[in-house]
Amino acid sequence: MSILSKPGNEPGGEQGNGPERFSGDGPPAGRLAARGLTLGYDADRPVVDALDLDIPDGEVTVIVGPNACGKSTTLRALGRLLKPRAGTVLLDGAELHTLPTRRIAQSLGLLPQTPVAPEAITVADLVSRGRQPHQRWWQQWSPADEAAVAEAMERTDVSGLADRPVDALSGGQRQRVWIAMALAQQTDLLLLDEPTTYLDIAHQVEVLNLVRQLATPTDETPARTVVTVLHDLNQAARYADHLVAMKDGRIAAQGHPDEIVTAELVGEVFGLAAVVIPDPVTGSPLVVPEAPTPLPGEAR
Amino acid sequence: MTTTLARPPRTARTSAARPTGYRAVRLGGASVLVHGRTLLVVAVLLLALAAGCVANLSLGESSVPPLEAVRSVLGLTDEHDFVIGVLRLPRLTVALLVGAALAVAGGLIQTVARNPLASPDIIGVSQGAAAVAVIAMTYGLASTAVLPYWAIAGGLGAAVLVYLFAWRGGLHAGRFVLVGIGFAVALRSVTQLFLTKGDHTVAQQATVWMTGSFNGRGYAEAEPLAWALLAVVPAVCWAARAQRTVTLDDDTAIALGVRLNVTRVGLAGVGVLLAALATGTAGPVDFVALLSPQIARRLTGTAQIPLLTTALVGALLTVLADLLARTLFSPTELPAGVVTAAIGAPYLLWLILKNRTGGRA
């Protein structure tokens, strides 16, 4: 698969002009952006403070950072699940909270961290619910709905599971089904909140490969814009076109992983001493933590 | 659910890219999804309900042959005008309507709460209706004609209070149920207080009303309920579609463009209204609202509660309960609520035990 070739050669964007490509002030560079975004659950301790963020179109943006840095909170605000205390999220230049939620759902899809399916629902039934923003009460199942669901299930390789209950699937299959539901929504922008949580490493890779494919244009569909939160810095470096490293509710660094993932950044953001070497498979930066103390052999 | 057991080999059929078990019916640009098995279940339930109604009309202290009963309803004979036309048919009509209304109310509230344990008789609607009705009786404000209205006001009032206390920037499903249970307990003690305060005859009259009985109920009570049911039909159609998304988690539903709070308040509002009307008409007939949606969902095998099927199950349960209540210890008559409680209580226990052992119901 071409997925693991360098993510740098995506069409639709000259690469390598560094972080200044998304300066954060002025008009948004892409369809989705945040300006002065302040988020938090109580007023005097904002989780995210005056954040400016530009999401590049047609690319995979990965947000990373230590626990409680505000990465998931930011993603939720980008998907209008959280109302900003100050500042705004811009979708196509319009303030997100002024748009009807159904309109938003036609261009912006979102998969939460732990989605819950009704008991006994089948795969095809769940995926078909992604069509909600395109349906009306007199238009419950158009040929377009059927085509979108078929394509979404094909793309996530769950067509063979169509009539199985979601309850009975493995974690990896279930996650693919949820992604299929989000794909059936046919949005140009897709937000995924930690899509690899609770999955073993093989299924993590499977999901991330799928994410890369989504941002790769095909004959029928243009490249989607994907924003995702990941825990694993190495996976982020491997799969991101645009990496956003957050710390304490602010952006510590952003840009192409090749340019920003350094030992200094890992030290600054995660407080971890590490060496950064080229990934032997993809050449993307690979973070290797310093030796444990004591080494396993010395432990006893 | 054991849906995996009886599955044909996967190669045996190609699955369409549409919800399992549904067919799309298209006409011009319009299209609806129809669930095949639900149609079958509805047909069978209609037959069962017809049989139940005939049984209810023909059995009793003076029994009328089933065929004669049907002829009497159709106006082909006037021989049984008193037993059928005056005593049994009006009462049957009320039982049908009350059962259907309570069942749909339960289905809507369970959908909003995402919890099979939720129903109007658990979250305080029935208790509110009972409390206000008993207070009105104690103060001599409630003749039989106006009692339903006091009860309706009480049910709605209780629901509004539950909303207000459960609302915290939105209607959270779990909090809604917990606050409701709290109010149910509090309102029940209010009822008890007024029962002990009031004089003997009032207390006796109130106690009978509170167990839910169709004794002496007729067209006068059926009419307002029938109109109300007719009026909420569009709302129930809307609800059937809204169910497809509100049964997902909050974040996913919002991501799909659903105005979650509006939808929830709407669904619960229709449910509460139906429950209050039904309770006002016949008193709290326990467990119909709790049981019917779950029975219906198991019959159709759908992921959401099928509302039409639920209404039919509710009507059938209530008609049968009323029949048993009238005939079991004849000539002594039990309130129908006692019969539904006798069926419902073990089910409730089973649900709770099942939840405790980890299964989701």
HN-Hα J in Hz across segment A:235-243 - Karplus 6.51, -1.76, 1.60, θ = phi - 60°, x for Gly and Pro: 5, 4, 5, 7, 9, 7, 8, 10, 10
Amide H of residue A:274 versus every other amide H placed in the peptide plane: which residues, excluding those fewer than 5 positions away on the same chain, fall under 5 Å? A:290
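Mind listing which chymotrypsin sites (Phe, Trp or Tyr not before Pro) in segment B:262-361 are in a DSSP loop and have 16 or fewer other Cβ atoms within 10 Å?
B:329
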Of the residues B:349, B:317, B:260, which exhibits the maximal mean-square fluctuation in a Gaussian network model of chain B defined by a 10 Å Cα contact cut-off? B:349
Summing -39500 (n - 2.57) over every DSSP H run of at least 4 in the protein assembly as shown, dividing by its residue total and rounding to the nearest 500, the 222 nm mean residue ellipticity is -15500 deg cm²/dmol
Pop out the ³J(HN,Hα) list for segment B:292-307 in order, Karplus 6.51 cos²θ - 1.76 cosθ + 1.60 with θ = phi - 60°, rounded to Hz; leave Gly and Pro as x. 4, x, 6, 4, 4, 5, 6, 5, 8, x, 8, 6, 10, 6, x, 6
Volume per residue, Å³, of the convex hull around the alpha-carbon atoms of segment A:32-289? 137 Å³
If the reach is capped at under 15 angstrom between alpha carbons, list the aspartates and glutamates near residue A:71, excluding any in the same chain fewer than eight residues apart. A:49, A:52, A:54, A:193, A:194, A:232, A:248
Direction-averaged shadow area of the convex hull around the Cα atoms of chain B, nm²? 21.5 nm²
Cα→Cβ-extended label distance, 7 Å offset, between residue A:147 and residue A:291, nm: 6.2 nm
Relative to the Cα centre, what is the charge dipole magnitude of segment B:140-286, using +1 at the beta carbon of each Lys and Arg, -1 at the beta carbon of each Asp and Glu, and rounding to the nearest 20 debye? 240 debye
Provide the packing ranking of A:30-40, A:55-65, i.e. peptides ordered by the mean count of other C-beta atoms within 10 Å per residue, highest first. A:55-65, A:30-40
In terms of modelled amide H atoms, which long-range or inter-chain residues lie less than 5 Å from the amide H of residue A:111? A:191, A:192, A:193
If you bin every alpha carbon distance in the protein assembly as shown into 10 Å steps from zero, what whole percent lands in each bin? 3, 14, 21, 20, 16, 12, 7, 4, 2, 0, 0
Across chain B, where is the longest run that never hits trypsin sites (Lys or Arg not before Pro) in a DSSP loop with at most 15 other C-beta atoms within 10 Å? B:14-167
Can you compute the FRET efficiency between residue A:139 and residue B:61 using 1/(1 + (r/R0)^6), with r the Cβ-Cβ distance and R0 = 45 Å? Round to the nearest 0.05. 0.25
Each residue of segment B:332-339 in turn: what ³J(HN,Hα) in whole Hz from Karplus with 6.51, -1.76, 1.60 and θ = phi - 60°, glycine and Pro shown as x? 5, 10, 8, x, 4, x, 5, 5
Across every pair of different alpha-carbon atoms, what Kirkwood hydrodynamic radius in Å does segment B:115-258 reach? 17.1 Å
What does the convex hull of the Cα atoms of segment A:180-297 come to per residue, in Å³, rounded to a whole number? 145 Å³
Using 0.36 nm per residue of separation minus the Cα-Cα distance, give me the extension gain between residue A:264 and residue A:198 in nm, one decimal. 20.8 nm
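All of the numbers you see were taken from the coordinates with simple rules; none came from a lab. Everything numeric in this text was worked out from a predicted model, so none of it was measured. No Cβ is skipped: glycine too gets one built from the backbone with ideal geometry, and neighbour counts run over all protein chains shown.
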